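Accompanying notes for the structure given below.
Coordinate-derived values only; no laboratory data. What you are looking at is a predicted structure, and each value in this text was computed from that prediction instead of being measured. Cβ coordinates were reconstructed from backbone atoms using ideal geometry, including for glycine residues, and neighbour counts include every protein chain displayed.
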Amino acid sequence: MSTVQETKVEKPEMKRKFYHLIINGEKLESSNGTTFKTYNPATGEVIAEVAKASKEDTEKAIQAARQAFDYGKWKKYPVNKRSRTINKIAAIMRARFNELVELEILDTGKSLHAAQGQVMQAIEDFEFYASAIVGHRGAVNSVPGQFQNYTEKEPVGVCAQIIPWNYPLMMAAWKIAPALAVGCSVIVKPASLTPLTAIILGEICLEAGVPEGVVNVIPGSGSEVGNYLVEHKQVDKVAFTGSTPIGKNIMERASQTLKRVTLELGGKSPNIVFEDADLDAAVDGSLFGIFYNTGQSCEARSRLYVHENIYDEFVRKFVEKTKKLTLGDPFDKGTHIGAVIDQNQLDVIDGYVKSAVQDGADILTGGKVAQVKGFENGFWYEPTVIANVNHQMKVVNEEIFGPVVVIMKFTDEKEAIKLANDTEFGLGSALWTKDGARATRVANQIQAGIVMVNCPFSAFPGTPFGGYKQSGFGRELCIETLDLYTETKSIISYYGSRPLNPFGL
Ligand code: NAP
């Protein structure tokens, strides 16, 4: 009897003291030796040093991506080979699920259940695009005369993908997976506060067989690396997720080279509870809608509108449950709310709450920096509910990006829609009602890219995610994202037997 000897491949630990740039398939230190530290927001402790990309490194990454796109094999692979490789990325992530979750928690301070859900979604995004690309195709168009016209979808080229700190791995997956599926090359710029899992994802892409230069990951400063990518002539597209002011700035600068641009920006999403709603489901869903991920979600339902007839009962139950939310060790299964990303964000949140108090609002619960036993040096904020507010207040109009919700009364459907749409943003929205006709009526009139009806969840692989108004444009996570990473080429051919002589000469 023979036995098969398994070769044990040693995989580098995900948790390390030092993280490299990934350029052209190589793990590199930065050209000028610069590094930066990344911190655990729950404890305030340093986790690791990270190589900080310089302009020179950024140029190198652009040239690697350019070379891979213009002369490399990735875009030429048969689609089923690209699909298999993308599935392999997902398989490696699945096999190392717990390590990815651990690293994401350390780098972001988010709770275990949030990190697990997001890492799983990142994996499913790759699986989704591995399947979706197989059915992505051009069209045959009917044209008059003896002409044939068909369209081809061609990869747009080299894509700069700039991501925020709130969902580091998931945002990287939302961007890398569709770009890879169509055959683009990418340069990923993770947020400086949370670079680790995007770097690991870059390594996993290489391990899965994505050729060198196709996926480059260069942590570094937004104003230096980000600017350089946005302005560079040899970058064809910028896909950005982040704040609205930076999004506007990117759009302006990208216009100089007419880059393709997609922007996933901020929000101030409304959450409407009608009189006929299942009250307990609405309370629980609204709680999740704002406090999930410590309120650091672009589509956090941070403006709560409740019908006047149920307002008192809703508020009583909502505040009661808010007080029961547990802040604590992010690795603990019982923790609902993780840390805020850093001291700066903690100050921003507290500043908004103080401004509300100055404007005459009432704090129903929370309202201050939280003290969490064993995590005294971390960044924590109490889940906060603010009432007695109006649409002139900053706390109602601006994105806070923390565990803070404002709550207001409305009298009828028309007023609820008016209040919901009275914002410069248009990303998420939610409504709670047992009346199906009302749900459809209101959903049709809300100016937002996403409407959640009796539902606390905003996105699954396959559902379009993106904004109206100043929440940006373009949709991620869905089939049509593939179109945003492709150009449509129209091919017209003549099949008549007599030569054409349009000038008649
Ligand atoms: P941010 O400050 O706008 O930063 C986002 C990314 O842009 C980071 O990688 C940042 O790099 C980089 N950056 C900064 N300045 C830049 C510049 N001049 N040129 C190019 N890149 C630049 O946003 P954030 O604070 O990380 O994230 C929170 C924001 O993201 C919120 O507004 C939230 O609503 C939004 N968001 C939107 C969605 C969506 O799908 N709509 C999803 C998640 C988050 P550094 O880290 O080095 O500064």
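The table that follows gives values for the structure above.
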read-out: Karplus 3J(HN,Hα) series, Hz, for the stretch 433-448 with 6.51 cos²θ - 1.76 cosθ + 1.60 (x for Gly, Pro); value: 6, 9, 8, x, 5, 4, 4, 5, 4, 6, 4, 5, 9, 6, 8, 8
read-out: DSSP-defined beta bridges in the chain - what % are antiparallel, rounded to 5; value: 40 percent
read-out: Residue order, fewest to most beta carbons within 10 Å, for Val134, Val389, Val273; value: Val134, Val389, Val273
read-out: Whole-Hz ³J(HN,Hα) from phi, Karplus 6.51 cos²θ - 1.76 cosθ + 1.60, for the stretch 184-189, glycine and proline x; value: 6, 10, 10, 10, 9, 10
read-out: Net +/- balance of residues flanking Pro383 in space, Cβ distance below 10 Å, scoring K and R +1, D and E -1; value: +2
read-out: Cα-based Kirkwood hydrodynamic radius, the stretch 260-300, one decimal, Å; value: 11.8 Å
read-out: Crossing angle, helix 55-71 versus the chain [Cα axis fit, 0-90 degrees, rounded to tens]; value: 50 degrees
read-out: Mean Cβ count within 10 Å, highest first, over the residues of peptides 469-477, 201-209; value: 469-477, 201-209
read-out: Spin-label pair Lys394/Asn227, simplified geometry with 7 Å Cα→Cβ offset, distance in nm; value: 2.7 nm
read-out: The stretch 111-223 pair-distance distribution - Cα-Cα, 10 Å bins, rounded %; value: 13, 40, 27, 11, 7, 2, 0
read-out: 17 Å tail of the calculated P(r), the stretch 328-441, as % of Cα pairs; value: 62 percent
read-out: Label-point gap, in nm, between Thr463 and Tyr494 - each point 7 angstrom along Cα→Cβ; value: 5.2 nm
read-out: Helix-derived mean residue ellipticity, 222 nm - over the chain, DSSP H n ≥ 4, -39500 (n - 2.57), to 500; value: -11000 deg cm²/dmol
read-out: Rounded tilt (10° steps) of 97-108 against the dominant C-alpha axis of the chain; value: 60 degrees
read-out: Mean separation of Cα contacts under 8 Å (6+ apart) over length of the chain, as relative contact order %; value: 18 percent
read-out: Estimated distance in nm for a label pair at Asp70 and Asp435, the labels positioned 7 Å out from Cα along Cα-to-Cβ; value: 6.2 nm
read-out: Space enclosed by the convex hull of the alpha-carbon atoms of the chain, per residue, Å³; value: 213 Å³
read-out: Exposure proxy ranking, count of Cβ atoms within 10 Å, fewest first, for Tyr485, Tyr352; value: Tyr352, Tyr485
read-out: Percentage of interatomic Cα-Cα distances in the stretch 14-89 larger than 21 Å; value: 48 percent
read-out: Overall dimensions of the stretch 160-270 as given by Cα atoms, namely Rg and Dmax in Å; value: 13.4, 44
read-out: Members of Lys324/Lys354; Lys189/Lys268; Lys60/Lys153; Lys394/Lys434 lying beyond 30 Å, as alpha-carbon distances in this model show; value: Lys394/Lys434
read-out: Residues whose placed amide H lies under 5 Å from that of Ile272, excluding near-sequence neighbours; value: Tyr305, Ala430, Leu431, Trp432
read-out: Cβ-based net charge around Leu484, under 14 Å, with every Lys or Arg adding one and every Asp or Glu removing one; value: -1
read-out: Residue order, fewest to most beta carbons within 10 Å, for Ile246, Ile491, Ile272; value: Ile491, Ile246, Ile272
read-out: The chain: angle of helix 196-208 to the longest principal axis, Cα-based, in degrees nearest 10; value: 30 degrees
read-out: Total formal charge among the other residues, if their Cβ is under 13 angstrom from that of Lys434, Lys/Arg +1 and Asp/Glu -1; value: -4
read-out: Under 15 Å from Lys409, Cα to Cα: aspartates and glutamates that are on another chain or at least 8 residues apart; value: Glu275, Asp276, Glu308, Asp312, Glu313, Asp362, Asp422
